[in-house]
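S.K.: Let me give you the structure first, and then I'll get to my questions.
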Amino acid sequence: MFASVNSDCIGCAACEAICPQVFRMNSYGIAEAYINPVPQDAERLTKDAANSCPVEAITVE
Ligand code: SF4
């Protein structure tokens, strides 16, 4: 599984709170998926983070 964050991100930090193993806030206050492919043991929380993003900026595939 691969995760990515697009430019719709509003920097709410929810994804980082839900799955810090995969998402972190960068120096611009925008989230990034910093480990790809997503580790197998983080896949469930990665999906939870994507579903929790208020602007649907996270893609998992
Ligand atoms: S949950 Fe969505 S809007 Fe919030 S920081 Fe993560 S990618 Fe950005």
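The values are calculated or read from the model by the stated rules, or taken from the named source; none is laboratory data. What you are looking at is a predicted structure, and each value in this text was computed from that prediction instead of being measured. Glycine gets a Cβ as well: all are built from the backbone with ideal geometry, and neighbour counts include every protein chain shown. These area figures cover heavy atoms from the full protein model, side chains too; ligands, DNA and RNA do not enter into them. Shrake-Rupley method; radii C 1.70, N 1.55, O 1.52, S 1.80 Å.
S.K.: Show the residue pairs meeting these rules: Cβ distance below 8 Å; 6+ apart or different chains; first residue within the stretch 33-61 and touching a residue at least 40 places away in the same chain (Cβ under 8 Å); second residue part of a helix (DSSP H, G or I) and away from the ligand (no atom under 12 Å from the Cβ).
M.R.: As it stands, the answer is Val60/Lys47, since those pairs meet every condition given.
S.K.: How about the stretch 16-61: which strands (runs of 3 or more DSSP E) wholly inside it have at least 2 residues that are under 13 Å from Phe2 (Cα atoms)?
M.R.: Working: elements: 23-25, 31-33, 58-60.
Per the criteria, 31-33, 58-60.
S.K.: Can you pull out every residue in the stretch 1-15 that is more than 7 Å from the ligand (Cβ to nearest atom), open to solvent by 30 Å² or more (accessible area, probe 1.4 Å) and either part of a strand (DSSP E or B) or touching a Gly at 6+ places or on another chain (Cβ under 8 Å) (or both)?
M.R.: The one that is more than 7 Å from the ligand (Cβ to nearest atom), open to solvent by 30 Å² or more (accessible area, probe 1.4 Å) and either part of a strand (DSSP E or B) or touching a Gly at 6+ places or on another chain (Cβ under 8 Å) (or both): Ser4.
S.K.: If I filter the stretch 18-60 down to residues being out of contact with any strand residue (DSSP E or B) (no Cβ under 7 Å at 6 or more places or on another chain) and charged (D, E, K, R), which single residue comes out as most open to solvent (accessible area, probe 1.4 Å)?
M.R.: Arg44
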